[in-house]
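Enquirer: Just passing along the structure, written as structure tokens.
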Amino acid sequence: MRLNERLLPVLALGAAGAGAPAVLEWLVGSHRIAVDGRVHFFAVGFTALAAAAACVALSLFGARFGDRRTVLVGGAFGVMAALLALHGLSTPGFIIPEMNGVIVFTGGATLPAGAALLALSSLGTPQRLRLGVKQLLAVEAVLLAGVLALGISAILSPDLLPYAPAASSPEAIATLAVGLLLFLLLGVRALRTFLLTRRTGDLLVAIGIAWLSTSLVAALTLSYTQLGWWLGHGFELDGILAVAVPVALDLARTVQSRPLAGDLQASDLVLAEETFLGSHVRALTLSLAQRDDYTEQHTRRVALRAVQVGELLGLSRSSLRTLATGGLVHDIGKLSIPDSILKKPGPLDDDEYEAIKRHTELGAKLLDELGGFSPGVRRLVLDHHERLDGRGYPRGLGADEIDLETRILTACDVYDALISARVYRPAWSHEEAMALLRREAGTAFDPRCVDALERVLARERGAREPRPELVLRPAVAAAGA
């Protein structure tokens, strides 16, 4: 995975923040202390309220927009809120006078149960079990009611729940292993999302998951007489807030919370560039659309296919982000080309062609002046008309000087230009465009990129074109009538 120099300090800072609670637990967690039960009661109660607020917000948002995964995420926070509420209510000396199985069981079950439901929302439910939003909300309500009913029954009859899992018991260690595995899955997904979006909120989600993992270790390996057990409760609250606050901010912008609800795809960066790539990219695409709608639509199609090709070829998340941004702005230099040339209703003469060829250098210069664009993005803007055999422009680079991202963008750019109708020529067919790319694969274009583009286009055309039996059914019905 290639990471640019600006990203490494951010990741290092994030890693330090994620690991700090674990280091603190290791240093002072075993110290013996005596804390009044009221501290536990109110601290856990506040954590339960935070989880309940996240549950309500996510469930309402999921219901409003018909988003099953967001409803599942809301259910995860709801189960954690219910278990935390029972955990607080069962504090010795309040409703139940002595140490009891309810506080032990709920303390050990809260985070693993939440992690399991969050992982389910991330992976998605199996097709045969696919439920609608209303059904999922009903399941969520039944699940919460069941948890609360069991907990209240156990509070009224403390012997109903076993005093388990006891700290560091085999049951506790097994639960810890499963919980940490689930949090690892969620943390990796959140980090992968951050590498695409570079949003602070997505990194905060990954850090929050690490804090919840630390809290889980404390809950299942330490006792209430140890400082680390109490610190773990604080880290649990911090972790829930670190995960929930970015979700709330996304909801305020009516955007799905991608680190929790599913792995972000590179194509999503192109489809929602302002959300995931930033307002500066959106401003440029809007400027291009106002100047020449064809060019803006062309760059969007090229960028979308380019990141799909990049995913097939195994590019890193960082490289896919660069490719998405570079694809969207690769023709931005055309803002500096006069309308008399850019919108000429006929073929360009030699002088006009030389002028329009300058759009690559003008685009790279514009991004330099604006700032905020990585060297990789500027390279894509400058080099997307280079060819492996050195016949491209503006620098006449050879094959060993052209990176894979540029090779991908070049193939996608040429394909879309060929199949687009212009005033001075009709559009080429898909077959004609692909025949040219195949014919020049190995000389002008990278064969790997051409092959991957063909696979992306086959998938795209398959999704767009109805299956034959779906076309025939109306005719059959009409004949029967």
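The values are calculated or read from the model by the stated rules, or taken from the named source; none is laboratory data. Please read these numbers as outputs of a predicted model, since none were measured by experiment. Reconstructed Cβ throughout: ideal geometry from the backbone, glycine too, with neighbour counts over all protein chains shown.
Enquirer: Taking segment 163-185 only, how many residues are more than 20 Å from VAL79 (Cα to Cα) and at pLDDT below 85?
Expert: Of the residues in segment 163-185, 1 are more than 20 Å from VAL79 (Cα to Cα) and at pLDDT below 85.
Enquirer: While we're looking at this one, here's another question. Scan segment 400-432 residue by residue and report those that are out of contact with any Asp or Glu (no Cβ under 9 Å at 6 or more places or on another chain), of a type outside the set (A, V, I, L, M, F, W, C) and assigned to a loop (DSSP other than H, G, I, E, B).
Expert: Selection gives SER420, TYR424, PRO426, SER429.
Enquirer: Further question on the same structure: Quick one: in segment 303-329, of everything that is assigned to a loop (DSSP other than H, G, I, E, B) and at pLDDT below 95, which residue is farthest from LEU367 (Cα to Cα)? Break it down into steps so the answer makes sense when it comes.
Expert: Here is the first cut: in segment 303-329, the residues assigned to a loop (DSSP other than H, G, I, E, B) are 313-316.
Then drop every residue that is not at pLDDT below 95, which leaves 314-316.
Details: GLY314: 27, LEU315: 24, SER316: 23 Å.
Only one residue tops the list, namely GLY314.
Enquirer: Let me ask you something else. Of everything in segment 117-147, what is exposed (fewer than 15 other Cβ atoms within 10 Å of the Cβ) and either modelled with pLDDT of 85 or more or assigned to a helix (DSSP H, G or I) (or both)? Give them in sequence order.
Expert: Hits for segment 117-147 are LEU123, GLN127, ARG128, LEU129, LYS134, GLN135, ALA138, VAL139, ALA141, VAL142, ALA145, GLY146.
Enquirer: Assess whether GLY333 counts as being assigned to a helix (DSSP H, G or I), modelled with pLDDT of 90 or more and either more than 19 Å from the chain's Cα centre (by Cα) or not assigned by TED's automatic domain parsing to the domain that holds SER420 (or both). So that I can check it myself, show each step before the final result.
Expert: Details: assigned to a helix (DSSP H, G or I): yes; modelled with pLDDT of 90 or more: yes; either more than 19 Å from the chain's Cα centre (by Cα) or not assigned by TED's automatic domain parsing to the domain that holds SER420 (or both): yes.
So GLY333 fits the description; yes.
Enquirer: Name the residues in segment 270-284 that are touching a Leu at 6+ places or on another chain (Cβ under 8 Å) and either surrounded by fewer than 20 Cβ atoms within 10 Å (Cβ to Cβ) or hydrophobic (A, V, I, L, M, F, W, C) (or both), would you?
Expert: Taking segment 270-284 as the starting set, the residues that turn out to be touching a Leu at 6+ places or on another chain (Cβ under 8 Å) are 270-271, 273, 276-277, 280-281, 284.
The answer is VAL270, LEU271, PHE276, LEU277, HIS280, VAL281, LEU284.
Enquirer: How many residues does segment 208-221 contain that are under 20 Å from the mean Cα position of the chain (by Cα), closer than 14 Å to VAL23 by Cβ and either at pLDDT below 95 or aliphatic (A, V, I, L, M) (or both)?
Expert: Result for segment 208-221: 1.
Enquirer: Suppose we keep only residues that are hydroxyl-bearing (Ser, Thr, Tyr) and in a loop (DSSP other than H, G, I, E, B) within segment 360-394. Which one would you say is farthest from ARG300 (Cα to Cα)? Working first, answer last.
Expert: Step one: filter segment 360-394 for residues hydroxyl-bearing (Ser, Thr, Tyr), giving 360, 374, 393.
With the extra rule that they be in a loop (DSSP other than H, G, I, E, B), the set shrinks to 374, 393.
Numbers: SER374: 19, TYR393: 22 Å.
Selected residue: TYR393.
Enquirer: Here is a check on your reading of the model: is LEU367 surrounded by 20 or more Cβ atoms within 10 Å (Cβ to Cβ) and at pLDDT below 95? Write out each step before concluding.
Expert: Numbers: surrounded by 20 or more Cβ atoms within 10 Å (Cβ to Cβ): yes; at pLDDT below 95: yes.
In short, yes.
Enquirer: Please state which of the following conditions LYS343 fails to meet, knowing it meets all the rest: (1) of a type outside the set (Phe, Trp, Tyr); (2) within 17 Å of SER287 (Cα to Cα); (3) crowded, with 16+ Cβ neighbours inside 10 Å.
Expert: Every listed condition holds for LYS343 apart from (3).
Enquirer: Let me ask something else. For GLU454, indicate whether it is in a helix (DSSP H, G or I), touching a Gly at 6+ places or on another chain (Cβ under 9 Å) and surrounded by 14 or more Cβ atoms within 10 Å (Cβ to Cβ).
Expert: Details: in a helix (DSSP H, G or I): yes; touching a Gly at 6+ places or on another chain (Cβ under 9 Å): no; surrounded by 14 or more Cβ atoms within 10 Å (Cβ to Cβ): yes.
So GLU454 fails the test.
Table: residues versus (1) in contact with a His (Cβ under 7 Å, 6 or more places away or on another chain); (2) assigned by TED's automatic domain parsing to the domain that holds GLY314; (3) surrounded by 12 or more Cβ atoms within 10 Å (Cβ to Cβ); (4) free of Cβ contacts under 8 Å to residues at least 60 places away in the same chain.
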site	(1), (2), (3), (4)
LEU8	no, no, no, yes
ALA12	no, no, no, yes
VAL28	no, no, yes, no
ARG38	no, no, no, yes
ALA48	no, no, yes, yes
ALA51	no, no, yes, no
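Enquirer: Something else now. Does segment 238-252 hold any residues that are aliphatic (A, V, I, L, M), crowded, with 20+ Cβ neighbours inside 10 Å, at pLDDT 85 or above and over 14 Å from the mean Cα position of the chain (by Cα), and which are they?
Expert: Within segment 238-252, ILE240, ALA242 qualify.
Enquirer: Is there any pair with a first residue in segment 332-354 that is more than 23 Å from ARG300 (Cα to Cα) and a second that is among the charged types (D, E, K, R) whose Cβ atoms are under 7 Å apart and which are 6 or more apart or on different chains, and what are they?
Expert: GLU352/LYS344
Enquirer: Out of the residues in segment 380-391 that are in contact (Cβ under 8 Å) with a residue 40 or more places away in the chain, crowded, with 16+ Cβ neighbours inside 10 Å and not aliphatic (A, V, I, L, M), which is nearest to TYR424 (Cα to Cα)? Walk me through how you get there before you give the answer.
Expert: Taking segment 380-391 and keeping what is in contact (Cβ under 8 Å) with a residue 40 or more places away in the chain, we get 380-381, 384, 387-389, 391.
Next, from what is left, pick out any that are crowded, with 16+ Cβ neighbours inside 10 Å: 380-381, 384, 387-388.
With not aliphatic (A, V, I, L, M) added as a condition, the list becomes 384, 387.
Working: HIS384: 23, ARG387: 25 Å.
Restricting to residues being in contact (Cβ under 8 Å) with a residue 40 or more places away in the chain, crowded, with 16+ Cβ neighbours inside 10 Å and not aliphatic (A, V, I, L, M), the top hit is HIS384.
Enquirer: To continue, here is another question. All but one of (1) assigned to a loop (DSSP other than H, G, I, E, B); (2) within 26 Å of VAL423 (Cβ to Cβ) hold for LEU397; state the number of the condition that does not hold.
Expert: The number of the failed condition is (2).
Enquirer: While we're here: Taking segment 54-89 as the search range and keeping residues that are charged (D, E, K, R) and part of a helix (DSSP H, G or I), which one is farthest from ALA149 (Cα to Cα)?
Expert: Restricting attention to segment 54-89, the residues satisfying the condition of being charged (D, E, K, R) are 64, 67-69.
The next check asks that each one be part of a helix (DSSP H, G or I); those that pass are 64, 68-69.
Numbers: ARG64: 28, ARG68: 26, ARG69: 26 Å.
This residue is ARG64.
Enquirer: Taking the criterion of being among the acidic types (Asp, Glu), surrounded by 13 or more Cβ atoms within 10 Å (Cβ to Cβ) and touching a helix residue (DSSP H, G or I) at 6+ places or on another chain (Cβ under 7 Å), would at least one residue in segment 434-448 satisfy it?
Expert: Yes, the conditions are met somewhere in segment 434-448.
Enquirer: Could you identify the single residue in LEU182, LEU156, LEU191 that is touching a residue at least 24 places away in the same chain (Cβ under 8 Å) and either closer than 21 Å to VAL56 by Cα or among the hydrophobic types (A, V, I, L, M, F, W, C) (or both)? Talk me through it step by step, then tell me what you get.
Expert: Numbers: LEU156 fails: touching a residue at least 24 places away in the same chain (Cβ under 8 Å); LEU191 fails: touching a residue at least 24 places away in the same chain (Cβ under 8 Å).
LEU182 is the lone residue from the list that is touching a residue at least 24 places away in the same chain (Cβ under 8 Å) and either closer than 21 Å to VAL56 by Cα or among the hydrophobic types (A, V, I, L, M, F, W, C) (or both).
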